[in-house]
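See structure below.
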Amino acid sequence: MAAQSYGLVATFDSAPAIYEAAKKVRDAGYKHWDCITPFPIHGLDGAMGLKRSIVPRFSLVGGLCGFSVGMGLIYFTSAIDYPLIVGGKPFFSPLYAFPVAYELTILFTAFATIFGMFFTNRLPMHYHPVLKLDRIADAQDDKFLIVIESRDPKFNAAHTQALLEAAGGKAIAEIEA
């Protein structure tokens, strides 16, 4: 039984080389591909055509929920569950509830950000076909990789290999799924 192909991988020697290659792959219309680099490259996400992350939206929702829960908790405990007038202060005042609401805002924002990051990155992912490559260790040291997945609608092994070669890719190989 033949192994199913995950896609093609090409090696690049420098950050400018992978940056320019990423622009060529983006312009060719590929949607399911990635760059693997040993360090962050400024502007690479733009060269890849990636949109802004939605993780800040998770953070905002978490913060608003935390603030609401904090205010609601103090309102419930002070005005409903155990109403007690001390020193003439009202049953509920946002001034007294603010420290609790502030801390819960921070806590809920942190948890929402972490869960949002896990959700958008599809984590935990215990296995990825790219990890089968022998040169994956080089991509964590001094080499740069572009991986184009076979599930991409534009993927054609011959055309994709020609594109990677034209972009300056070396050691182009197929990855088994």
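Normalised by the number of residues in the chain, the mean separation of alpha-carbon contacts (under 8 Å, six or more apart) gives a relative contact order of 50 percent. Under 14 Å from a point placed 7 Å out from the Cα of H128 along the Cα-to-Cβ direction: which residues of the stretch 16-46 have their backbone N that close? Only 33-40 fall inside the zone, counting backbone N under 14 Å.
The equivalent ellipsoid that matches the C-alpha gyration tensor of the stretch 41-177 spans semi-axes of 54, 14, 13 angstrom, in descending order.
Quick check: Cα centre of the stretch 21-42 to Cα centre of the stretch 61-83, how many Å? If you average the Cα positions of each part, the centres end up 46 Å apart. Estimated at 0.36 nm per residue, the fully extended path between A79 and D138 surpasses their Cα-Cα distance by 15.0 nm. Taking the longest Cα principal axis of the chain as reference, the axis of helix 55-75 is set at about 10 degrees. Taking 20 Å as the straight-line reach from the Cα of K24, the aspartates and glutamates in range (excluding those fewer than 8 positions away in the same chain) are D13, D34, D45, E149, D152, E165, E174.
Going through the stretch 80-144, which chymotrypsin sites (Phe, Trp or Tyr not before Pro) have at most 10 other Cβ atoms within 10 Å and a DSSP loop state?
Values: sites: F91, F92, Y96, Y102, F108, F111, F115, F118, F119, Y127, F144; in loops: F91, F92, Y127.
Filter output for the stretch 80-144: Y127.
On the principal axes of its alpha carbon atoms, the stretch 55-120 extends 49, 19, 12 Å, with the longest extent given first. Counting only lysines at least 8 places from K23 when in the same chain, those with an alpha carbon closer than 29 Å to its own are K31, K51, K132, K143, K154, K170.
Compared with the dominant principal axis of the Cα atoms in the chain, helix 157-166 is inclined by about 90°. Restriction of the trypsin sites (Lys or Arg not before Pro) in the stretch 58-148 to DSSP coil positions whose beta-carbon has at most 11 other beta-carbons within 10 angstrom yields R122. Classify the stretch 1-83 as rounded, prolate or oblate from the Cα gyration tensor: take a ≥ b ≥ c as the square roots of its eigenvalues, call it rounded if a/c is under 1.5, otherwise prolate when a/b beats b/c and oblate if not. Prolate, since a/c reaches 1.5 and a/b exceeds b/c.
Remark: the K154-A17 segment gains 47.1 nm on full extension, using 0.36 nm per residue and subtracting the alpha carbon distance. Angle check, please: helix 15-27 long axis (alpha carbons) against the longest principal axis of the chain (alpha carbons), in degrees 0 to 90, nearest 10. Taking the Cα atoms of the chain, the angle to 15-27 is about 90 degrees.
No value in this document is a laboratory result; all are computed from the given coordinates. Because the structure is a prediction, the values reported are computed rather than measured. Virtual Cβ from ideal backbone geometry, glycine too; neighbours counted across all protein chains shown.
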